[in-house]
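The values are calculated or read from the model by the stated rules, or taken from the named source; none is laboratory data. The structure displayed is predicted, hence computed values, not measured ones. Positions of Cβ are backbone-derived with ideal geometry, glycine not excepted, and every protein chain shown enters the neighbour counts. When the accessible area is computed, the model is the full protein with side chains, heavy atoms only, and any ligands, DNA or RNA have been set aside. Shrake-Rupley method; radii C 1.70, N 1.55, O 1.52, S 1.80 Å.
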Amino acid sequence: MTLTAQLYDRLSSLVVSSGWRRGKGAPRLTPEALIEAAQRLPVLQSETRGMAVAADILAAYAALDDDGKRIFFAGLRDGFDPDHAALTKAVKTWLDRKDPADLEALTRLAEPPRQELLRRLNMAPGGTARLVAMRADLLRLTGRDRAFARVDADFRHLLRSWFNRGFLKLLRIDWHSPAFLLEKLIEYEAVHEIRDFRDLQRRVLPEDRRCYAYMHPAMPDDPLIFVEVALTRGLPDSVQALIDERRAPLAPQSADTAVFYSISNCQAGLAGISFGNLLIKNVVAELSRELPGLTTFVTLSPIPGLRNWLQERAAAGEAEIAALLDDPQPGPLSAQTARYLLLAKDARGRPRDPVARFHLGNGAEAHRVIAGADKSERGMAQSLGMMVNYLYDRQRIEAQHDDFTERGIIAAPKRLQDAARKAEAEATAAGRKTKTDKTT
């Protein structure tokens, strides 16, 4: 018997000894036995055996409870790093000789064995979707634990290759799309809840509504991300007006504005692998071809971190903001919102608001803040009802993207910049006065 066959038989015995037979339910393996099986998978030479074993491993993993999955991820962390001694020797050899063959050997040794394991698992039927789900578990169960960062880095590295833009297909979703796909929209809508199929119908059936999704050939029944679009005349003043069931539809040819009012990422396991930038640009191009009369492309976006930031500023002694939280007035609230979007930074010096980072990084302009634009329970809890239009100017997207990513410059009209700077200056002056009063 060959070594490969012996390894496969050993792996098979692990599965059989657990009491499982293919076709009679999911395999039940301990996490430790599953890690042993995973360590043997990359050495199998037979493609058919490798696919069968990969399928067994993925099925066995899915049968684990959360505690078992944590142990499995710890095994991936501790048992699949490069061989440090061999790597050190290869580095020395390369530095001494500079031979291209030595560099190739060094490159092979530097790649964590986890990556080859994930490639082998991806060969199983439905492997890509299962690995996306596995990474979702990894993020959910290990959170910000830096000890697992190298495991996630290997997942992310491969998923970025497997989900690059060359594989993505833009699909328009309408009321005649398959029911399973429409159900996914209800399930994944993350910005403005879709309550039922009647509510969904109002989002995709009227002639002045559009919905687009990115699909991947390895996950043909599951969207990666989707965007809902409203065709309007002029900029909208509230999301409630856009989704009001009593509104009268607008003839698409009469519209001059396309409003992206909901963008939802569907796969938690693809977090950090951005599709939104490409999606918005492709939808802009698609709508421009279909409706040449469209001249303006904007979002109507939530501001999820605004209330928390206002509460922090109030706790820091900004009396004006404390009063604003008790009695939100549109004018002062709009000024503080501009201050938050343009001037508030996170620990890395980026705009603090995550939605702002996304759109500004895509090359959009923070165009207009709107008081009372989202009076839903979520909208009031997150931002006291404030929303913002991010403007996608086709002539300026690339330049604004470069300015933001390379120099941190936020594109915004002068009126919004002036409002932000004035609010910041008034807060600074009030803080100095308070400090002076306390010392005297």
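Observations on the model:
- When the Cα gyration tensor is reduced to axis lengths a ≥ b ≥ c, the ratio a/c is 1.5 or higher for the chain, and with a/b above b/c it is classed as prolate.
- Taking the centroid of alpha carbons for each part, the range 278-294 and the range 108-167 are 33 Å apart.
- Relative to the longest principal axis of the Cα atoms of the chain, the long axis of helix 84-97 lies at roughly 90 degrees.
- Acute angle (nearest 10 degrees) that the helix 66-79 long axis makes with the longest principal axis of the chain, alpha-carbon atoms: 70 degrees
- Positive-end residue, the chain charge dipole about Cα centroid, Cβ charges, pick of ASN164, ILE409, MET134: ILE409
- Helix 306-315 axis, angle to the chain major axis (alpha carbon atoms, nearest 10°): 70 degrees
- For the range 348-440, the tally of Lys pairs with Cα-Cα distances below 28 Å comes to 6, considering only residues 8 or more apart or on different chains.
- Those aspartates and glutamates that a straight Cα-Cα span of less than 19 Å connects to LYS89, excepting residues fewer than 8 apart in one chain: ASP81, ASP99, ASP102, GLU104, GLU111
- The value of relative contact order for the range 305-361, using C-alpha pairs under 8 Å at least six residues apart, is 27 percent.
- Taking all protein chains together, ASP353, ASP403 sort by accessible area into ASP403, ASP353, largest first [probe 1.4 Å].
- Inter-site label distance for ALA347 and ASN308 at 7 Å from Cα along Cβ, in nm: 1.3 nm
- Leading residue at positive end of dipole, the chain (Cβ point charges), from ILE303, TYR188, THR48: THR48
- Using θ = phi - 60° and Karplus 6.51 cos²θ - 1.76 cosθ + 1.60, couplings along the range 242-252 (whole Hz; Gly, Pro as x): 5, 10, 5, 5, 8, 5, 8, x, 9, 4, x
- Listed cross-link partners LYS69/LYS184; LYS281/LYS345; LYS169/LYS345 are compared with a 32 Å cut-off, the Cα-Cα value being larger for LYS169/LYS345.
- Under the convention that each Lys and Arg Cβ holds +1 and each Asp and Glu Cβ holds -1, the size of the dipole of the chain around its Cα centre is about 540 debye.
- Relative contact order for the range 27-69: 61 percent, from Cα pairs under 8 Å spaced at least 6 residues apart, divided by residue count.
- For the range 271-287, putting each phi into the Karplus relation 6.51 cos²θ - 1.76 cosθ + 1.60 with θ = phi - 60° gives couplings of 4, x, 10, 7, 10, x, 4, 5, 4, 4, 5, 5, 5, 4, 5, 5, 5 Hz, in residue order, rounded to whole numbers and with x for Gly and Pro.
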